[in-house]
1. Picking from A:ASN54, A:PHE106, A:ALA132, whose Cα lies most toward the positive end of the charge dipole for segment A:1-160 (charges on Cβ: Lys, Arg +1; Asp, Glu -1)?
2. For D:MET27, B:MET137, B:MET1, what's the fewest-to-most ordering of other Cβ within 10 Å of each Cβ?
3. In whole angstrom, note down how far apart the Cα centers of segment A:260-325 and segment B:25-84 are.
4. So how far apart, in nm, are the two label points at C:GLU207 and C:SER263 if each is 7 Å from Cα heading toward Cβ?
5. Given the pairs A:LYS243/A:LYS273; B:LYS23/B:LYS288; B:LYS110/B:LYS145, which span a C-alpha to C-alpha distance of over 20 angstrom in this model?
6. Assigning unit charges at the beta carbon (Lys, Arg +1; Asp, Glu -1) and nothing else, what dipole magnitude in debye, to the nearest 20, does segment B:1-77 show about its Cα centre?
7. HN-Hα J couplings of segment C:216-225 from phi, Karplus 6.51/-1.76/1.60, θ = phi - 60°, integer Hz, Gly and Pro as x?
8. Give me Rg over Rh for segment A:202-334, both radii from the alpha carbons and Rh done the Kirkwood way, two decimal places.
Number of protein chains: 4
Amino acid sequence: MKCDFHQHTVFSDGSVWPDIRVKEALMDGLDAISLTEHLEYQPHKADIPHPDRNRSFEIALKEAKDHDLLIVKGSEITRRMPPGHNNAIFISDANKLLVDDSVAVFREAKKQNAFIFWNHPNWTNQRKDGIATLTDMHRMLIKEKLLDGIEVVNDKTYSDEALRIALDNNLTIMGTSDIHGLIDWEFGVPKGGHRPITLVFSKEKTEASIQEALFNRRTVVFYKNLLIGRNEYLIPLIEQSIKIKTAKYTGNTQVLSVDIENSTNAEFSLLNKTVYTFHNSGELVTVKPGEIVNILIKTKERLPAITLLFEVISAINEPGKHPQITLRSAVTTN
Amino acid sequence: MKCDFHQHTVFSDGSVWPDIRVKEALMDGLDAISLTEHLEYQPHKADIPHPDRNRSFEIALKEAKDHDLLIVKGSEITRRMPPGHNNAIFISDANKLLVDDSVAVFREAKKQNAFIFWNHPNWTNQRKDGIATLTDMHRMLIKEKLLDGIEVVNDKTYSDEALRIALDNNLTIMGTSDIHGLIDWEFGVPKGGHRPITLVFSKEKTEASIQEALFNRRTVVFYKNLLIGRNEYLIPLIEQSIKIKTAKYTGNTQVLSVDIENSTNAEFSLLNKTVYTFHNSGELVTVKPGEIVNILIKTKERLPAITLLFEVISAINEPGKHPQITLRSAVTTN
Amino acid sequence: MKCDFHQHTVFSDGSVWPDIRVKEALMDGLDAISLTEHLEYQPHKADIPHPDRNRSFEIALKEAKDHDLLIVKGSEITRRMPPGHNNAIFISDANKLLVDDSVAVFREAKKQNAFIFWNHPNWTNQRKDGIATLTDMHRMLIKEKLLDGIEVVNDKTYSDEALRIALDNNLTIMGTSDIHGLIDWEFGVPKGGHRPITLVFSKEKTEASIQEALFNRRTVVFYKNLLIGRNEYLIPLIEQSIKIKTAKYTGNTQVLSVDIENSTNAEFSLLNKTVYTFHNSGELVTVKPGEIVNILIKTKERLPAITLLFEVISAINEPGKHPQITLRSAVTTN
Amino acid sequence: MKCDFHQHTVFSDGSVWPDIRVKEALMDGLDAISLTEHLEYQPHKADIPHPDRNRSFEIALKEAKDHDLLIVKGSEITRRMPPGHNNAIFISDANKLLVDDSVAVFREAKKQNAFIFWNHPNWTNQRKDGIATLTDMHRMLIKEKLLDGIEVVNDKTYSDEALRIALDNNLTIMGTSDIHGLIDWEFGVPKGGHRPITLVFSKEKTEASIQEALFNRRTVVFYKNLLIGRNEYLIPLIEQSIKIKTAKYTGNTQVLSVDIENSTNAEFSLLNKTVYTFHNSGELVTVKPGEIVNILIKTKERLPAITLLFEVISAINEPGKHPQITLRSAVTTN
């Protein structure tokens, strides 16, 4: 499930009516979105003095009704640091979150069974060094199960330190666009760019199923061609994305020709970790979206089957670390 | 100097008249080429029974006379393994190389002051496993100073093992197209591909200067976006190619904004090796040809100058190893 | 001056906040825009119950304050046919246009010195056959000088019949986007499309000067690569856009080589109307945006100067008719 | 059948071995080619002193043997004007055409049952004004049935006057590349260009059938997106190329929405010649290769079927004239 759970419209400080957010999501092939208006920050209030904080959700829901797109009700709890900004999604009533106390609002969201994540912990407006750092309040929120996830990617930023926090504290790894203007402009979509999204490994395309997967940390973030997540979801994802299509020996040689197919929209950068060297490239192999790349492998003898090991440097499983994938295939004899 | 010293025309087993090779070189912006017709393999002999083996060179020389392109006289000594195929370039008369004995021909070439390199030591026609391996005869040729270089790249192949041989035996690292058909077709030039070339670090654009540089091992090979060479030539080349254009702090933060400019036609893949993490990407940074990439660096305090370290994974200095570059810049205060 | 005087935002039935309209205009290089909210049609009223109909203008004005973009105050008078929808621009107060009577509102706009034009007279919601037809009320409005212009182009439609009405009744020829969603999506801008605009031939880049030019009918509409206007503005415009760059005889022949340069963003389709035939093409010549096209002209004798006549079939001066341009140049002797 | 019957290799004054011509033809999807070496002009004779003038053909035939490409034996009779250069194709032995007398060589070719056409009658080397003009000798050749066709297109030139000669003298309209270098370079194929070809309307893909079609004038030339030919072959060709895909009324209006599909690689420029005007464009409609273009037609009443008439200005049936096509379709009611 491709999800973007942090977005704004004219109902807080965004520049579009909710219908545009629905159309953008459909164009980008998303499965679920949430319009998370700021509860406490309402710069258009003079023009849009609506008393109901669920309004943005309702308009989007109506716009999406004939499409296969889930609209999740959510709000952005907008406070100074700590606890900074946090999104509560899968809530039932945004109006009830208009609570002064910074902790009480988390409890109210949880009463509504919300999934709550910490937004842009690396935001330079609240952390001048851009380095996500856990505060005592965040430790308390985590301990009391009031905080479930953390944005490792927000808009055009990625935080190694937020990833560290997610791994150390068993938080869900989140990536969102936090869009205020237009997705196409902000992320250069017409020129091949894409918004940051959270891939959620849910069993079904339902709100309940996505929520369950989020609570159980089953996510991978996709940001500027980079996949970020825990090995247990990241490695199977990549091994599903890149596959050996054919493997056969060329002529009467011991050089094995392997076609590797990338069935996704992401470009993968792979470093060879087998003992064999390649006949047509160095150890770095790049597989562009939708492309089939041919690798010639000097196996020294004719093997009945091939096992390739690659370090995927366009993926991150820990700060500064990359997952290793295994591709296996029988060898065709011609 | 961009050089391609292994090419064929109708005067051995190629498919074009020499003028096409000159035009291709001009289109590709090369500085020097050699048309190295096979001395012993002449499949078009029935149609082209020319007695003079310098003919191809002469036609090319005439075609190039109004252009800034050096045509180097050369021939391919075409034998079984060992010693396999070898190119002798900067010769004075190809006809005199029509010598039966496989070693005597090297001596004759050397008498003409040739620079000699071993072609495609990984060729599967002569090595079924594609693994370049030094034979006793090659050891002798090297010892007697009859062999100066080795193709680490030939056509669409790269050999880690040939690179090992070059480094262990102090041979010049060579890369050539070995073109028989059309450069555009073989290397997909209109779609952004390029032929393999040898970058020769000569003092001047003269034959003598290029020859001197080749004898002194001053080369880097450029193949499918990969730079292959010895650190002493490779690292300065990359540090000239990629430069810090500007470095300044954003707003009142400790996040340093650095613009890195790639002034070349190669795409560089860089891995961050500083202690600082990046605010807008993981450790992998890709800089496309001619592109300026912005990196936001979390330096924790405001630095007066910045030193960036990158492992260049799109370059090879030893089999399976990559050079590390250092980019330095003062920091502008705004 | 590139102008788009018919646009909507969330303040009537559009989907964006006014700042997006300003950004779109800047991206498209426009000189002046007007946000012409419907006075009588306010579907977002429940959410945006603003009493001031100038609000959209004010927000845009603030957004544009550091840019060289004129924001013209305007409103769409939204009535059944007749008189249908009409835009009043260069008004001083939109609120005063909230007048019930369909004619009285025109008088009020005129009291404010408005330029008024009839919107989409070909709109199939109001004319099932799509054929713009003058009603008695329109004749009266024209006669009483309450109607100044007519949209010959609206959104993705063009009307030959509206052009006829404009010419027969001395109305200003207008073309507008009538945008409600996003310009990029509606007109495929990233794929090379463009919004319809009105080119206004004003003396200065001021509101007063543009208004004067509109009152005096000095416009050409640019729509899907098509230029539509009166000969007196259309022909000089095209003759400024397409010019002979060089003209010289080839070798010792009587074949004149002429380079024609298109300095605009429009593609021109030209039919040769001279007595000479071309050596390298038939009579149809297409000059793409920014392109230089070479024409070889068989002049039979060596001429000291050349005069080329072309029918510009990508321009319209009357329904089903095209202007003829004249390109002149001295001939260089080499 | 896509044919190019005028090409050169190293066996006269071209720059490639015949195998390249075969590969180029396969890449361009041609059905038949002829390598028409100059009989009398042999600049590479010193290097290629072959006595057999069929040699080029034989090498190409061997190269093409596993492909579905017909190689037609031909030669270029290379004389001063008159009669200038003429190609004789479908000959049995080129050697026998080495005849001094300019008319006798035509008779010998005809004895071999050749199809003979006049090459580049507009060539400025032989006609300084570039204007194809029939000489007495040509009139005699035509009268004696020694000349069958004429190049209206050669390389990068088109001749209105040659088309006039073809029509007035019942000659076959021919278009050829007359390639000496590389097709890709000469005609910018990687950037979307194409070589000039002759479309031959033969019953089968055999030499005999193509020859029969040529003798019976069943050709259309395709040159820089321009189709040139007699109405009887040109109009059906275009009507096969451009078709109405769907036609239905929009909503409850009298505006008919028609999708026109261009199934070819040519771009068509069409001028509306029906009495109806269009709702979304002027009278000029451009249909790019492979594109579907939507036209909205104001039919005033709901028609059960639609007949569209277009003047195809990207096609030529006589000097300065364009064919008119008719597209018919039933109208779907929704």
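Quick note: the coordinates plus some simple rules give every number you see, no bench work behind them. These numbers come from a predicted model, not from an experiment. With ideal geometry, Cβ positions are generated from the backbone for all residues, glycine too; neighbour counts draw on all protein chains shown.
1. A:PHE106
2. By the 10 Å Cβ count, ascending, the order reads D:MET27, B:MET137, B:MET1.
3. 38 Å
4. With each label point 7 Å from Cα toward Cβ, the separation is 3.2 nm.
5. From A:LYS243/A:LYS273; B:LYS23/B:LYS288; B:LYS110/B:LYS145, over 20 Å: B:LYS23/B:LYS288.
6. Here segment B:1-77 has a charge dipole of around 140 debye.
7. Computed from phi, the couplings for segment C:216-225 are 9, 6, 8, 9, 9, 9, 10, 9, 6, 6 Hz.
8. Working: Rg = 16.7 Å, Rh = 16.0 Å.
So for segment A:202-334, dividing Rg by the Kirkwood Rh gives 1.05.
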